[in-house]
Every structure is written in structure tokens, then in C-alpha cells.
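Below is one structure, written out as C-alpha cells, with a few remarks after it.
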Ligand SMILES: Nc1ncnc2c1ncn2[C@@H]1O[C@H](COP(=O)(O)OP(=O)(O)OP(=O)(O)O)[C@@H](O)[C@H]1O
């Protein structure tokens, strides 16, 4: 197995000035036979059985075992203080489910089958395992500002975490908390609100799930209000609500929530647009304590009277800035400010992202109270686990250069980002015709096609995925070794999220960006990012950056590097401020980007037999977000 980094260096892609008549090595050695692979699986027209909901239904079936009884009726005995209406109508507890009874958490019995399904086995490559640089997260400086910041936890122990949660964390093979998790647990336990920024792949999902679930297990659901009507029996009354921008992301959070709520009284549910709402409602009818939702679909369910937010104790906004970018602000404001959700003083609100532009900080003013602002590393910075390379490539040379890169690599998972749906199709067709097993994901593909594409990619049957921004945020796909920004985005935050699909959970990865003068608008911010992450900065970036400072050329949302610098602070500090605390050691300790240890053997071999249903990814986006229709 080759070291991709070394192979890339051998390509000498940055050797000197931009060339217009570039003849790539793979064409110079033209005797090379095209790579062989079975075509059937990779291209076009995937027809998976069952689709996305089917996937969850199948997964869910095993929860619906035959333990019978206790949870029947309106609320039944499972409800405890919840009592009365809402959740769990007519269904008994299922395997792996617990209950809240007489003011106590009663975990359900363990199920070997479920544990295998949820947590896999240690060596399973479809589960993300922490990498060699996991311990380096401890070296990242953490800044926590706000009044009375509590001390972080140092280990997953009970107390302070609830015992069942600690067991589930162990089953997930998480040995110690990441920085964001260390802080979020006591912050939420102390009843505080939180705005948290931490690098991609550093465990933000656990950062909100762990404290919310732990507190829920300790304190139970909100007491049912007396005033419920018969009509309310049709409604779900979740205790926790997680809003996230994309279907893929809510699905992924739901999968994580299923793991950590195993055997507990908390039943997670997921709702998102583009899938059958009837199925989602029926699923919620079986119990819905932690609801993970895209804003558009949740609004729909609220309007239909199928969800009440009056019991919400915890509101989480994940990838909050992206939700605003996608035009979700009216829906989010409607959900938070115009429904029966408790007001800001009667719930806890948590916001998470790897980037936090100013507009989202302003939203925080309306949604959060006396919150703690937590930044792990510099806000918007990239992980040092990602080796970033920027190479100068004219548009007409991009294809050849990409072929070089792919030729140099073994069958490692490579994610190639382009700006438009049309380009995603054109490039994946091109790669396919050149003998590379590529597929694509973008907003014009059907839900089944997108689901299938992700499944093919994750399983390694199509190890090259050409993607638009649909795949930029939050997706946690194990073993993505290389992210290529074939087209650089115009917003540098998007670059940060895109490359964050590799180098996750302490694993290492490579990100290569194709840069030319058409990308002048991000040159300064890109240079800042490379500098912050101790990456090599090619000379042409300096040159073009200098040119840009004469002739303008600044762009991107932040309008250049100066505003980038200002966003790593809690904006409240600028207008007065408070003490806060600062912890952490030296940033930029040693990062070793070890060799890649992926599978052996030749690249792009024939696909293996299908492994069945997809992991549960689906289509993307908010139909109302017309501004992003090129995705
Ligand atoms: N304490 C931990 N120990 C080991 N692995 C962990 C731990 N916490 C999270 N992980 C794993 O790290 C990976 C990345 O976590 P997660 O998806 O929550 O990152 P993130 O910070 O939300 O990233 P992004 O900004 O891209 O959304 C996941 O596969 C997760 O299972």
C-alpha cells in the first residue's frame, strides 16, 4: 500500500509556473491498461430496495421486539411523570428500551443482537475508530468565556454522567472525551446554555448528545401538563429537539442518538423533508423523546398538529450557520419563537458548529441566555490531522491533474468537491469512462440515488465520490483519506467543512485544492487557514495574495482575512465582556501524519457483493432554499 502523501509529492504537481500544455504522467506512459472493475455498481440508475425509510424501519424493527406490556395506553407506565398522553401509545417497551417509572430511570434489558447492530465489532471498518492523533486533541487550547465557567470533566465516569450513558459510551469504544465533550458535560449539567465551536471531526455530536442524554436519564421527562386535550394524543411531546440543516446530517445524528440512548427511556426519532411524512408520523407515534429534525419538515409537522414543543428542555442547533445560509432562519425563528416551546429562560439551548460567522453569533443573542462561549482551537480553523496541499491548476488541466492524483493512490476513499450539479455529473461520468469507479451526489439526484451513492462510497465499492456542497457538512464517513477541492468554494468556511470530511477522530487525511486565479477571492483566507494549521504555503499563493491586496479581489462571506481574525472571539467580549477562563496547552504541537494503513492489494478491484441496505443516508436539502439550487 502506498503512502498517498509520498505519491503526491512524486507527482511534482506544483513544479513551477502554471503550464498550459500539461501532459500528465499517466498519458505520457500510455501503455498503462485501464483499471478494471465491474461497472454495474457504480454508475447511474441505482435502484435500491426499500429506500431510506425502509432502512430505518428495518433497523427499527429490532427495537420493536416483544417485551410487551408496560408502555401501553396513553403514556402507560413508561411515561411516569410524563403520564397521560403522548408517546408510546399502544406499544410495549421493545428490546433495548428502558422506562422512566416512579421518578426513576429503569434501563431496559441488554440485547446482544442490538448491540451488534448499533455498535458493531471493534475492527469493523464501517465504524469510525479513533486514530493515532486522537490524544493530540488534548493539546488544543480551549477558551471558555462567560460567567462562572464550570471545570471540565476529564473522563467518562459516573458521576457526573449517568451510569447507563457511560455504559453506552463504553460500548461505542470511546475511551476518553474530546475537548468539546469535556466542557459541554458540566456546562449543560449546570443548567447553562452553550455556544460551541470546535474543529471538524472533533466530536461535537457527542458534545451535545452526552450531556443532554445524561441529564435526561437523571431527571426524566417533563411532567405532563393537565390541560392536554384528546387531540393531544395525536401529538409527540419530545423532551429534546435537535435541529440540523440536511437530511444526511439529521440521519447521522439520529443513528448516534440510537447508540447512546440504548436501553434508556429516551426514544429518538428523525424527521426530514423529501421522505414520506406518514411513515415519520407513525414512527413518532411509537414514542418520540429526542427529535432530530430539519427545520422545514418540523414546521410541517407542527402545522399539522403532530408535534408539541411544550416539553422541550433541551434545544440544540447543529451546524447553525449552515441553517442560516440555507435560508432556514424564518423557519427556525418560527419554531423557537412562535410555537409552544418554552421560552429561553425555561429551556437550555446549545449551538454547535466548526465555523461561527458573526450573523450566527447575533442569532445567539435571541436564542441563548447567559451562555458560555466555548471555542476549541481557533474558530474556523482546520485540524492539523489534515495535510493540506494547494496546487496551481488551470481549469483546462483539472481533469488530467485529478487523474494523476487518482492514479497515484490506491483504492482509498476520495471525495472530490465541485461547485455545480452539472459538473458533478460530468466529472463522475468522465472518471468512470477513464476506468475509475466514481459515483456522484448532488441535489438533483433522487433520494435513492444519493443514498445508494453514499452507500457505494462508504463500502468502498465506488471509492471516488464526486460531490457538491451537499456532502460538505457534518458527514462522518469512516476512512475518507483524501478530499480534493476540484473547484474551490467561494466561502472559506465551506472549505473548512469540506476538508473536514477527512482527518476525523484523530485519524489523518489529505486535502488537495486546485487553485488558479479564478479563486483569488479566497486567497488570503486560504493562506490564513494554512498558516494557522502549520501547513506548507506555495509561493504562488503569496504572489496572488499580494496582487489581490492591490487590485481588490477579496471575497467570501467574511470579506478577507481581517474579518477572519475577528471571529475567533466571543462577540460579547467586544462590547464589554466578562472574565471567562482559558485553558489548554500549546497549539501546534507535533503532528505526525503517518502512513496510510488502508487495505492492501491493487486499487479499484471488482466490487464485492452488495451488503444490503444503506446506512441510512438520504436526499438533501431544503426545498425552500432556492439560493442553493446549484447544489
Ligand atoms: N470521545 C470520543 N472518542 C472516540 N471517538 C469519538 C469520540 N467522540 C466522537 N468520536 C468519533 O469521532 C467522529 C467525529 O465526531 P463528530 O461527527 O461528532 O464530529 P464533529 O465535530 O461533529 O464534526 P463536523 O464538524 O464535521 O460535524 C465520529 O466518528 C465519532 O464517533
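The values are calculated or read from the model by the stated rules, or taken from the named source; none is laboratory data. Predicted model only: the values in this text are computed from it and were never measured. Neighbour counts are summed over all protein chains in view; Cβ atoms, including those assigned to glycine, are modelled from backbone coordinates with ideal geometry.
Looking only at region 474-489, decide whether some residue is in a helix (DSSP H, G or I) and not assigned by the TED database to the domain that holds residue 129.
Taking region 474-489 first, the residues in a helix (DSSP H, G or I) are none.
The answer is no, given that none of the residues of region 474-489 is in a helix (DSSP H, G or I) and not assigned by the TED database to the domain that holds residue 129.
When region 162-182 is examined, which residues are found to be more than 19 Å from residue 372 (Cα to Cα), touching a residue at least 40 places away in the same chain (Cβ under 8 Å) and within 13 Å of the ligand (Cβ to nearest atom)?
Passing the criteria: 165, 168, 169, 171, 172, 173, 174, 175.
Give the residue, chosen from 221, 238, that is in a loop (DSSP other than H, G, I, E, B), touching a helix residue (DSSP H, G or I) at 6+ places or on another chain (Cβ under 8 Å) and closer than 27 Å to residue 162 by Cβ.
Numbers: 238 fails: touching a helix residue (DSSP H, G or I) at 6+ places or on another chain (Cβ under 8 Å).
Going through 221, 238 in turn, the sole match is 221.
Is it fair to say residue 363 is assigned to a helix (DSSP H, G or I) and under 26 Å from the mean Cα position of the chain (by Cα)?
Working: assigned to a helix (DSSP H, G or I): yes; under 26 Å from the mean Cα position of the chain (by Cα): yes.
In short, yes.
Which residue, of 375, 381, is under 19 Å from the mean Cα position of the chain (by Cα), outside any loop (DSSP other than H, G, I, E, B) and surrounded by 18 or more Cβ atoms within 10 Å (Cβ to Cβ)? Can you show your working first?
Values: 381 fails: outside any loop (DSSP other than H, G, I, E, B).
The unique qualifying residue is 375.
Kindly check whether there is at least one residue in region 522-539 that is modelled with pLDDT of 60 or more, within 16 Å of the ligand (Cβ to nearest atom) and buried (at least 18 other Cβ atoms within 10 Å of the Cβ). Lay out the reasoning, then the answer.
Filtering region 522-539 for residues modelled with pLDDT of 60 or more gives 522-539.
Now restrict to residues that are within 16 Å of the ligand (Cβ to nearest atom): 529, 533.
Of the ones still in play, those that are also buried (at least 18 other Cβ atoms within 10 Å of the Cβ) are 529, 533.
Yes, region 522-539 has at least one match.
Table: residues versus (1) part of a loop (DSSP other than H, G, I, E, B); (2) within 12 Å of the ligand (Cβ to nearest atom).
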| site | (1), (2) |
| --- | --- |
| 116 | no, no |
| 123 | yes, no |
| 135 | no, yes |
| 143 | no, no |
| 148 | yes, no |
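Give the residue, chosen from 242, 271, that is free of Cβ contacts under 8 Å to residues at least 40 places away in the same chain and either surrounded by fewer than 24 Cβ atoms within 10 Å (Cβ to Cβ) or under 29 Å from residue 116 (Cα atoms) (or both). Walk me through how you get there before you give the answer.
Details: 242 fails: free of Cβ contacts under 8 Å to residues at least 40 places away in the same chain.
Selected residue: 271, the only one of 242, 271 that is free of Cβ contacts under 8 Å to residues at least 40 places away in the same chain and either surrounded by fewer than 24 Cβ atoms within 10 Å (Cβ to Cβ) or under 29 Å from residue 116 (Cα atoms) (or both).
Residues in region 80-103: is at least one closer than 22 Å to residue 214 by Cβ, modelled with pLDDT of 85 or more and assigned to a helix (DSSP H, G or I)?
No - not one qualifying residue is present in region 80-103.
Condition first: under 26 Å from residue 408 (Cα atoms) and over 26 Å from the mean Cα position of the chain (by Cα). Now tell me which residues in region 520-552 satisfy that.
Result: 536, 537, 538, 539, 540, 541.
Can you tell me how many residues in region 183-203 are touching a strand residue (DSSP E or B) at 6+ places or on another chain (Cβ under 8 Å), within 10 Å of the ligand (Cβ to nearest atom) and either closer than 21 Å to residue 165 by Cα or without any contact (Cβ under 8 Å) to a residue 60 or more places away in the chain (or both)? Let's see the steps before the verdict.
The first filter runs over region 183-203 and keeps only residues touching a strand residue (DSSP E or B) at 6+ places or on another chain (Cβ under 8 Å), leaving 183-184, 187-188, 191-199, 202.
Imposing the further condition that a residue be within 10 Å of the ligand (Cβ to nearest atom) reduces the set to 196-199, 202.
Next, from what is left, pick out any that are either closer than 21 Å to residue 165 by Cα or without any contact (Cβ under 8 Å) to a residue 60 or more places away in the chain (or both): 202.
Summing the residues that are touching a strand residue (DSSP E or B) at 6+ places or on another chain (Cβ under 8 Å), within 10 Å of the ligand (Cβ to nearest atom) and either closer than 21 Å to residue 165 by Cα or without any contact (Cβ under 8 Å) to a residue 60 or more places away in the chain (or both) in region 183-203 gives 1.
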